[in-house]
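What follows is calculated from the coordinates using simple rules that are stated; it is not laboratory data. Keep in mind that what you see is a predicted model, and the values were worked out from it rather than measured. A quick note on method: Cβ atoms are made from the backbone with ideal geometry, for glycine too, and the neighbour counts reach across all protein chains shown.
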Amino acid sequence: MSTEVPLLQVEDLTKLFPIRRGLFQRVIGHVRAIDGVGFDIRRGEIFGLAGESGSGKSTLARIVVGLDGASSGRIRFVGEDVHTLRGTRGFRRRVQMVFQNPGSSLNPRRSIEQTLSVPLRFHGIAPSAIAPRVRELLEMVELPASFRAKYPFELSGGQKQRVAIARALAVEPELLVLDEPTSALDVSVQAKVIELLMRIRNELDLSYLFISHDLSLMRNFTTRIAVMYLGKLCEMGFTGDVFDHPAHPYTQGLISSVPVVSEEEAALKPAVERIRGEIPSPANVPPGCSFHTRCPAAFRPCRIDDPAFVQVGFEHRTRCHLFPRDSTA
Ligand code: SF4
């Protein structure tokens, strides 16, 4: 394992949202949207966070970039607590986010040049350097320089997302948080945006936190992945290990539902039942293992005890009673 300080460390993070009722909006309980989540992202890696909608992925992304606060736990950026960094422009420059829907994340009243100039001005770039930097950013995301004068309504979904990526790159961040960056796009456009993200990451030596419900995108794109269910991580490891030897029944179900294009790929899929039913509400998390209401392998302890994370391979961990605590590989 590398001894280098990770770029990002998330430690035992929890986020509670109050549930309010009645005339006086009294707090009658809490939704535990994130529950004791921990992982790190190493320099240069693409870390995938997978799970269905409602699992807490986007809440986690917003906390990492500082759009929301955590209820407890800690986040460090290159070893420093982000609570002390967050007020500084330095931190905001070093961690940027690309949102799911480029249509709503771009201001319709701003031209592309104005959109790309805002972060440059905010971070004190000299006025004379702004126009050349805008041209450079458009080139980086493979859009013609003539797009400077266009407005978002004149662009396709894929072009808007390229502008959103250019805006995130404007201030030379070290970590990009990509929250479902391709889910609003057609499949053919998705592939091109992923190719673009790969090229940019290689050229600029960036790290990505890539969030998606689509495991098929994760397989060739990410270095390591973590799978999230109802606010908790249930499996984490190198992408190849998790895809080739998924340990948690939820991961197995997600992988088995990924569409395949060849018999070879079909042979590699785990022979498991599809996940049944819908993800429960985060306001009503089942006791014990929160996946037990949908798990084909559930047995008695699953309804009572919440399993701990155990090691099942090299840097491969899962949270399931099928793997007792002494199964360390
Ligand atoms: Fe299924 Fe039990 Fe494992 Fe949870 S702990 S994933 S319910 S077998």
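Sort 227-234, 31-38 for me by packing, meaning the mean count of neighbouring Cβ atoms within 10 Å per residue, highest on top.
Final packing ranking: 227-234, 31-38.
For the range 96-105, putting each phi into the Karplus relation 6.51 cos²θ - 1.76 cosθ + 1.60 with θ = phi - 60° gives couplings of 10, 10, 10, 8, 4, 10, x, x, 8, 8 Hz, in residue order, rounded to whole numbers and with x for Gly and Pro.
Cross-link check: pairs 57/150; 57/192; 150/192 evaluated at a Cα-Cα cut-off of 26 Å; pairs beyond the cut-off: 57/150.
How would the range 193-264 be classified by its alpha-carbon gyration tensor: rounded, prolate or oblate, with rounded meaning a/c under 1.5 and the a/b versus b/c comparison settling the rest?
Judged from the Cα gyration tensor, the range 193-264 comes out oblate (a/c at least 1.5, b/c at or above a/b).
Once you have a ≥ b ≥ c as the square roots of the Cα gyration tensor eigenvalues for the range 25-98, tell me rounded if a/c is under 1.5, and otherwise prolate or oblate according to whether a/b is larger than b/c. Oblate, since a/c reaches 1.5 and b/c is not below a/b. What's the local net charge at residue 172, with K and R +1, D and E -1, over the other residues with C-beta under 9 Å away? My count for the surroundings of residue 172 gives +1. Between residue 195 and residue 26, the simple spin-label model (points 7 angstrom out along Cα→Cβ) gives 6.0 nm.
With N as its number of residues, the range 8-319 has a Cα radius of gyration that, divided by 2.2 N^0.38 Å, comes to 1.06.
Most tightly packed first, judged by the mean number of other beta-carbon atoms within 10 Å of their residues, the peptides 99-109, 17-27, 153-163 read 153-163, 99-109, 17-27. Taking the DSSP bridge list for the chain and keeping only pairs wholly inside it, about 65 percent are antiparallel.
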